[in-house]
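This is the structure I want to talk about, given as C-alpha cells.
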Amino acid sequence: MRDKDIIDGILGEPIKHPPWGGNSKPTGSNKKRTLGSREKQILYDRAKHRCEATGHKIDFSEMQVGHKNPHSKGGSATLRNSVCLCYKHNKLQ
Ligand SMILES: [Zn+2]
C-alpha cells in the first residue's frame, strides 16, 4: 500500500461517534429526567455548594443531580426530589 492511500484511509474515516459531543442535547421526546441548568443552580445554592452525601464542598462543574426517589420508582425530576451530589457519591447511590 502506498503512503498516500494509508493517509487517505485515515483522513477519510467517517466519525460516527465524536467523543466531544456524543450525547449533546436530549431531543425532548422522553419524559423529563434531569433538571435544567437553572434548576441545577438553585439546587446547588440550596445545598450551600456542598455534596449532600457527606457535606464536602464541590464546584458547580462537579455537581451531579441525585434523586431521592429514583426515576425507576416513579421519582420525577423536580427540585424536591433532587439532591446535590458529587460524581463519586452519585455513583455510590
Ligand atoms: Zn460527595
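No value in this document is a laboratory result; all are computed from the given coordinates. Remember, it's a predicted structure, so these values are computed and weren't measured experimentally. As a convention, Cβ positions derive from the backbone with ideal geometry for all residues, glycine included, and neighbour counts pool all protein chains shown.
Give the order of Glu52, Glu62, Glu39 when sorted by the count of other beta carbons within 10 angstrom, beginning with the fewest. Don't jump to the answer; show the numbers that get you there.
Working: Glu52 19, Glu62 12, Glu39 15.
Ascending number of Cβ neighbours within 10 Å: Glu62, Glu39, Glu52.
While we're on this one: Amide H neighbours of Cys86 under 5 Å, at least 5 residues apart or on other chains, H built in the peptide plane: list them.
It is Glu52, Ala53, Gln64, by chain and number.
Run down the aspartates and glutamates and flag those whose C-alpha is under 20 Å from the C-alpha of Lys4, throwing out any fewer than 8 positions away in its chain.
List returned: Glu13.
Just how large is the dipole of segment 36-93 about the Cα centre, in debye to the nearest 20, putting +1 at every Lys and Arg Cβ and -1 at every Asp and Glu Cβ?
Its charge dipole is roughly 140 debye.
Between Gln93 and Asp59, 0.36 nm times their residue separation minus their Cα-Cα distance comes to what?
Between Gln93 and Asp59, full extension yields 10.3 nm more.
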